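For reference, the structure is listed below as structure tokens.
The values are calculated or read from the model by the stated rules, or taken from the named source; none is laboratory data. Small disclaimer: the values here were computed from a predicted structure and weren't measured. Every residue, glycine among them, receives a Cβ derived from its backbone with ideal geometry; neighbour counts consider all protein chains shown.
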Amino acid sequence: MAIQIEQILNILTEEVTSYQVPVVDLIAVQTRDPFKVLVATILSARTKDETTAKAAARLFSQADDVAGLASLTEEEIRKLIYPVGFFKNKAGYLAKLPAAMAKHNNQVPETMEELLALPGVGRKTANLVLAVAFAKDAICVDTHVHRIMNIWGYVDTKTPEKTEMALREKLPRRYWQKVNSILVAFGQGTCKPVGPQCDRCVVAQWCPQLGVTPRRLPGSKAGTNLKLISWNVNGIRALEKKGLVDIVQGLGADIFAIQETKAQPEQLSTELTSIPGYQVFFHSAQKKGYSGVAVYSRQQPLSVLEGIGQEEFDNEGRVLTLEFATFFLVNCYFPNAQHGLKRLDYKLAFNEALHTFTNKLRSPKMVLICGDLNVAHKEIDLANPKSNIKNPGFSAPERVWMDEILADGYIDTFRHFNSEPEQYTWWSYRFNARARNIGWRIDYFLVDKENIGRVQKAEILAEIIGSDHCPVGVEITAK
Ligand code: SF4
């Protein structure tokens with residue numbers, strides 16, 4: 001049944017009056033200044049509101065108009081706005097902003113086209129400035145609007161840009177300006193990306209909860225299934241600052257496998273080494289700040305094995321195996337074949353050694369191989385297959401190895417359930433690739449075919465941000 005969007009948005013308009021106001025709206029209300037709205041919006045991308053608010057306050061204390069901004073060097077701007085996400089890029093954009101605004105008499109322009117020509121301004125920023133600073137009919141689709149509209153089934157889209165186009169077709173105009181404020185506040189306060197609070201949600205009775213795993217309340221019993229998640233975090237210490245501990249707790253997985261920790265256990269905070277309810281195991285590389293895998297587990301494993309018994313691979317901290325009563329979990333960070341396929345031979349040797357290792361584990365116990373395999377298997381698994389045929393991660397030898405391990409009786413669990421295109425787990429940090437969904441599916445859960453019947457669900461958690469990869473997950477029966 002289609003949701004009644006007007007009824008839901010009206011209820012939420014009331015509901016979010018008691019929530020924290022999104023930072024850009026707050027700055028608009030407090031200052032009524034399009035320049036500050038524009039700058040705060042640029043700062044806010046991929047950054048928590050709290051961090052944006054502090055960075056904006058520091059910057060505006062030194063530069064509260066375009067002339068003030070022009071008087072600062074890029075280095076000074078960088079220091080003032082640190083630690084917002086991508087602070088170096090944003091400092092570069094802000095340093096160029098005064099020259100770009102000179103063409104508009106030092107005023108913020110009021111059309112989409114002119115805004116998009118400013119440095120660091122994409123559609124989301126332009127729409128927000130038009131709606132919030134100039135009260136124009138524009139729909140700003142950020143991650144919350146995109147995610148929640150899809151959870152409701154009001155749109156069925158893969159990217160924020162496609163969501164904006166779909167909303168332009170069907171959302172009544174009177175909601176265009178305010179839908180972002182409502183759903184950002186609601187997305188931060190209740191319908192959170194990780195562990196949405198469906199148990200206290202005022203619109204739960206109308207929500208189909210598409211693709212949602214509600215939070216697990218403390219003391220509530222886990223189901224009989226086990227939930228396993230795998231994520232290449234691209235640096236566990238960096239991700240801690242972006243909320244890794246909250247994400248692990250919010251997703252409530254029984255086992256949370258991590259790749260590319262880039263750290264030794266002794267370098268980690270106690271918050272990371274003692275997440276309540278979990279034990280954690282590490283296998284780190286000898287070289288500091290490189291590679292490394294870890295597993296957080298609610299259950300006590302029967303045994304834990306670091307590496308696969310071959311020094312050339314084990315030195316790089318690439319595999320950690322946990323044995324439980326009815327299954328083995330093999331958490332892997334496969335080597336990257338690297339530019340010019342310089343490390344292809346090493347990678348293929350690792351692949352073979354890992355395959356031999358997992359075959360030795362095969363028994364009545366299930367074998368789950370999870371992690372960043374650093375290869376997109378088929379053309380459907382990346383956005384631009386033709387231009388990547390000779391590149392690392394999509395070269396013929398790497399894909400042939402995937403063919404071989406699947407032919408040997410392992411199953412790609414995600415493809416077992418889902419044959420849709422545009423399902424990715426990694427996006428380059430460049431070219432706005434994640435927002436445009438120009439990605440690759442290189443993170444997997446493989447399972448031995450004898451036990452595929454125990455896999456109830458396989459999913460990609462694309463809405464979880466913080467790394468250039470997103471997590472992937474499976475649910476398996478406990479026995
Ligand atoms: S019921 Fe859950 S998923 Fe649906 S809107 Fe409410 S919090 Fe979000």
* Out of Asn388, Asn384, Asn359, report the one residue that is over 20 Å from His283 (Cα atoms), touching a Ser or Thr at 6+ places or on another chain (Cβ under 9 Å) and either surrounded by fewer than 20 Cβ atoms within 10 Å (Cβ to Cβ) or not assigned by TED's automatic domain parsing to the domain that holds Thr261 (or both). => Asn388
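On the basis of being farther than 30 Å from Thr52 by Cβ, in contact with a Pro (Cβ under 8 Å, 6 or more places away or on another chain) and free of Cβ contacts under 8 Å to residues at least 60 places away in the same chain, does Phe281 make the cut?
Working: farther than 30 Å from Thr52 by Cβ: yes; in contact with a Pro (Cβ under 8 Å, 6 or more places away or on another chain): yes; free of Cβ contacts under 8 Å to residues at least 60 places away in the same chain: yes.
Spelling it out, Phe281 is indeed farther than 30 Å from Thr52 by Cβ, in contact with a Pro (Cβ under 8 Å, 6 or more places away or on another chain) and free of Cβ contacts under 8 Å to residues at least 60 places away in the same chain.
Ala238 - would you say it is in the same structural domain as Leu368 (by TED's automatic domain parsing), surrounded by fewer than 21 Cβ atoms within 10 Å (Cβ to Cβ) and either closer than 23 Å to Trp427 by Cβ or away from the ligand (no atom under 16 Å from the Cβ) (or both)?
Details: in the same structural domain as Leu368 (by TED's automatic domain parsing): yes; surrounded by fewer than 21 Cβ atoms within 10 Å (Cβ to Cβ): yes; either closer than 23 Å to Trp427 by Cβ or away from the ligand (no atom under 16 Å from the Cβ) (or both): yes.
Criteria met by Ala238.
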* Tally the residues that are among the aliphatic types (A, V, I, L, M), free of Cβ contacts under 8 Å to residues at least 40 places away in the same chain and either near the ligand (Cβ under 8 Å from one of its atoms) or surrounded by fewer than 17 Cβ atoms within 10 Å (Cβ to Cβ) (or both), restricting the search to region 166-206. => 1
* Within region 320-329, can you find the residues that are of a type outside the set (Asp, Glu) and surrounded by fewer than 22 Cβ atoms within 10 Å (Cβ to Cβ)? -> Phe324, Ala325, Thr326
* Within region 253-261, can one find any residue that is crowded, with 20+ Cβ neighbours inside 10 Å, more than 18 Å from Val472 (Cα to Cα), among the hydroxyl-bearing types (Ser, Thr, Tyr) and modelled with pLDDT of 95 or more? -> no
* Thr157 being polar (S, T, N, Q), free of Cβ contacts under 8 Å to residues at least 24 places away in the same chain and more than 12 Å from the ligand (Cβ to nearest atom) -> yes
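Against the definition (more than 16 Å from the ligand (Cβ to nearest atom) and either within 20 Å of Val23 (Cα to Cα) or buried (at least 18 other Cβ atoms within 10 Å of the Cβ) (or both)), how does Ala138 come out, yes or no? Spell out how you get there, then give the answer.
Working: more than 16 Å from the ligand (Cβ to nearest atom): yes; either within 20 Å of Val23 (Cα to Cα) or buried (at least 18 other Cβ atoms within 10 Å of the Cβ) (or both): yes.
Against the criterion (more than 16 Å from the ligand (Cβ to nearest atom) and either within 20 Å of Val23 (Cα to Cα) or buried (at least 18 other Cβ atoms within 10 Å of the Cβ) (or both)), Ala138 qualifies.
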* Any chance Gln286 is closer than 24 Å to Ile308 by Cβ, surrounded by fewer than 18 Cβ atoms within 10 Å (Cβ to Cβ) and touching a residue at least 24 places away in the same chain (Cβ under 8 Å) -> yes
* Kindly indicate which of Ala91, Ala67 is in a helix (DSSP H, G or I) and buried (at least 16 other Cβ atoms within 10 Å of the Cβ). => Ala91
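Assess whether Gln107 counts as being exposed (fewer than 14 other Cβ atoms within 10 Å of the Cβ) and in a helix (DSSP H, G or I). Step through it out loud before you land on a result.
Numbers: exposed (fewer than 14 other Cβ atoms within 10 Å of the Cβ): yes; in a helix (DSSP H, G or I): no.
Here the answer is no, as Gln107 does not meet what is asked.
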